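The values are calculated or read from the model by the stated rules, or taken from the named source; none is laboratory data. These numbers were taken from a predicted model, which means no experiment stands behind them. Cβ placement follows ideal geometry from the backbone for every residue including glycine, while neighbour counts extend to all protein chains displayed. Calculation scope for accessible area: heavy atoms of the full protein, side chains included, ligands and nucleic acids excluded. Shrake-Rupley method; radii C 1.70, N 1.55, O 1.52, S 1.80 Å.
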Amino acid sequence: MSTPAEPKKSKKKSGSKPPASITPEYIAEQRALREAKKAAKRQELIDQGLDPDAVAASQSGEGRFIKRPMLYVPYSVESKGVRVKIMTYNVLAQALIRRKLFPTSGNAVKWPRRSKVLLNEFKYYDGDILLLQEVDYVQYNSFWKSEMKKLGYETQYHRWGDKNHGVAICFKGSLFEMTDRMLIDYDREDSGELAPRTVTKNVGLMLALKFKDDITAEYPGTKKNGVLIGTTHLFWHPFGTFERTRQTYLILKKCKEFRQRVDTLQGGEWFHFFGGDFNAQPFDSPYLSITSKPIKYEGRARTVIECSTSFTFSKLREGIEDEDEEGGNIEKFGENQPKHPVPESFTPTEEQSKLVTQMEDLHNNLDVRAISLYSVGYKDVHPENAGLDNDANEPHISNWAHAWRGLLDYITLIARWDLKSSSRVNSIEEFEKVSEVRLRGFLRMPPGSEMTEHGQPHEGEYPSDHLCMMADVELLMT
């Protein structure tokens with residue numbers, strides 16, 4: 001039988017011994033020592049070229065997200081121009097979050113967590129121009145302006161009246177300076193005989209970003225002044241196809257007006273881009289109307305837009321913020337209302353058919369077109385996810401919510417159109433000829449087969465129900 005060992009005496013830790021009575025002076029001294037250690041550790045990380053905040057977030061598990069690579073287009077002949085990365089991202093307005101819309105997201109929808117992840121995404125992808133939608137007005141003023149400033153971005157913002165969220169454009173101050181801007185309020189814009197079908201409170205924003213002098217100094221004799229850039233968030237309603245198609249007409253119309261104004265006041269030559277959340281897929285009339293001119297609505301596209309003209313929006317809509325409408329319950333679907341936004345067939349009245357024809361004419365008489373960058377070049381870098389469900393070679397999805405998944409977001413180049421030739425551009429070589437822009441790379445977009453069963457946002461995955469898209473373009477300066 002063994003006898004118990006004699007208990008070991010505890011060893012006292014080395015270090016300064018606290019005084020018999022804890023004085024305020026001692027507390028202050030210890031606090032100063034801790035702060036000095038933190039500062040020294042922070043400086044050590046900075047000296048190693050690391051971001052102390054990012055390291056701390058990584059160690060704590062906060063701020064993690066799925067990192068996607070840039071996929072680069074191979075070229076046999078090199079060129080020289082200004083490289084610019086353009087991102088579009090619907091960051092999900094906090095004002096729109098309802099638990100019933102995000103039942104599997106848990107704590108991922110809470111702003112203190114989401115804001116860290118969003119900020120880490122912007123740091124990681126390091127875009128030069130960021131086109132943002134669903135930016136909360138409160139968070140823009142209390143968070144985004146200051147945080148983006150720390151990352152070297154200047155910011156501009158626009159919203160409708162006192163709506164809780166709007167759109168923003170952030171651009172690197174080291175590359176550009178803003179010389180003009182234009183605001184778009186779709187409900188107030190003229191579109192010929194086609195009046196708005198309802199109050200949408202949707203807006204757009206365009207900026208003229210002039211190259212900094214040290215950029216143009218590298219290209220003596222260049223006439224290129226800079227970049228005209230715009231963003232928008234179009235009408236969300238399932239039966240809003242006709243109104244969204246009117247809004248895409250207004251995008252091109254306002255782009256033309258803005259270019260004319262900048263040409264008159266500033267001269268020179270400008271590259272012109274526009275991106276955002278169009279709330280439309282590549283086979284829907286809003287997208288087709290601006291990318292596939294001359295437009296003739298046929299098949300599914302015609303059925304859907306004609307059906308949308310038969311929907312009557314509630315007059316209550318004018319007094320209710322769309323933050324409360326995202327659930328889709330504001331309109332009362334009576335017996336005379338269409339039951340599904342994408343019916344198998346639809347027989348329009350003479351008046352409804354006339355409205356759709358007028359929409360075609362409206363788009364076909366405007367000598368401006370949009371060319372989707374992903375549509376042109378994504379098949380060259382990720383053919384497995386180009387044109388899976390569409391004829392435009394667009395990626396499969398950019399939105400992965402609980403109740404709906406699909407492609408809604410685009411980055412486009414705005415160009416003139418001769419009112420007759422096909423406006424579709426099918427190759428990167430053809431694109432470069434008409435745009436003086438070389439498509440260098442694209443942020444990889446996962447197909448739906450790679451996504452989880454649950455919707456986004458989700459911790460450790462994505463911080464919004466949309467996935468950001470980004471194109472790396474080379475602006476040819478000669």
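Within the straight-line cut-off of under 21 Å between alpha carbons, the lysines reachable from K172 are K80, K85, K116, K123, K145, K149, K150, K210, K212, K224, sequence neighbours fewer than 8 places apart in one chain being disregarded.
Annotation: amide H-H contacts under 5 Å for R83 (H modelled 1.01 Å from N, sequence separation of 5 or more, or interchain): L475.
Rounded to the nearest 20 debye, the dipole size of the chain about its Cα centre is 2060 debye, using +1 on the Cβ of Lys and Arg and -1 on the Cβ of Asp and Glu. Treating the angle as unsigned and between 0 and 90°, give the value, to the nearest 10°, between the Cα long axis of helix 241-266 and the longest Cα principal axis of the chain. It works out to around 80 degrees. With point charges of +1 on the Cβ of Lys and Arg and -1 on the Cβ of Asp and Glu, referenced to the Cα centre of the range 162-298, which listed residue (Q281, T179, L234) lies farthest in the positive direction of the dipole? After comparing all options, I get Q281. Calculate, for Y124 and R181, the FRET efficiency according to 1/(1 + (r/R0)^6) with r their C-beta to C-beta distance and R0 35 Å; round to the nearest 0.05. For R0 = 35 Å, the calculated efficiency reads 0.80. Taking all protein chains into account, the per residue accessible area for the range 248-296 stands at 29 Å² (1.4 Å probe). Against the main long axis of the alpha-carbon atoms of the chain, helix 350-364 sits at an angle near 70°.
Whole number in Å², please: accessible area per residue of the range 383-478, 1.4 Å probe, ligands, DNA and RNA not counted. Working shown, then result.
Numbers: 3650 Å² over 96 residues.
Ligands and nucleic acids excluded, the figure is 38 Å² per residue.
Taking every Cα-Cα distance in the chain and sorting them into 10 Å bins from zero, the calculated P(r) comes out as 4, 18, 28, 24, 12, 5, 4, 3, 2, 1, 0 percent. In order along the range 124-135, the Karplus-derived 3J(HN,Hα) couplings, from 6.51 cos²θ - 1.76 cosθ + 1.60 at θ = phi - 60°, round to 5, 7, 6, x, 8, 10, 10, 9, 10, 10, 6, 8 Hz, and Gly and Pro are given as x. For the range 202-272, DSSP calls about 65 percent of its internal beta bridges antiparallel.
Using 0.36 nm times the number of residues separating R98 and T357, minus their current alpha carbon distance, what extension gain do you get?
Details: separation 259, 0.36 × 259 = 93.24 nm, distance 3.86 nm.
Full extension of this stretch gives 89.4 nm more.
Dividing the summed -39500 (n - 2.57) terms of all DSSP H runs of n ≥ 4 by the residue count of the chain sets its mean residue ellipticity at 222 nm at -8500 deg cm²/dmol. Beta bridges assigned by DSSP with both partners in the chain are antiparallel in approximately 80 percent of cases.
Report, in debye and to the nearest 20, how large the dipole of the range 219-272 comes out about its Cα centre when Lys and Arg carry +1 and Asp and Glu carry -1 on their Cβ. Show your work: numbers first, answer last.
Details: 9 positive and 4 negative charges, 13 e Å.
Around 60 debye, computed over the range 219-272.
As a fraction of the 1.4 Å probe accessible area of the range 336-458, surface on carbon and sulfur atoms comes out at 46 percent.
Which order do peptides 100-108, 228-236 fall in by mean Cβ count within 10 Å, highest first?
Numbers: 100-108: 15.4, 228-236: 24.7.
Packing order, densest peptide first, comes out as 228-236, 100-108.
What's the carbon and sulfur percent of the range 84-234's accessible surface, probe 1.4 angstrom, rounded to a whole number?
Values: 2770 of 5690 Å².
Solvent-exposed carbon and sulfur of the range 84-234 make up 49 percent of the total.
Using a 7 Å offset from Cα along Cα-Cβ at R64, what residues in the range 446-467 end up with backbone N under 19 Å from the label point? Zone members listed by number: 451-464.
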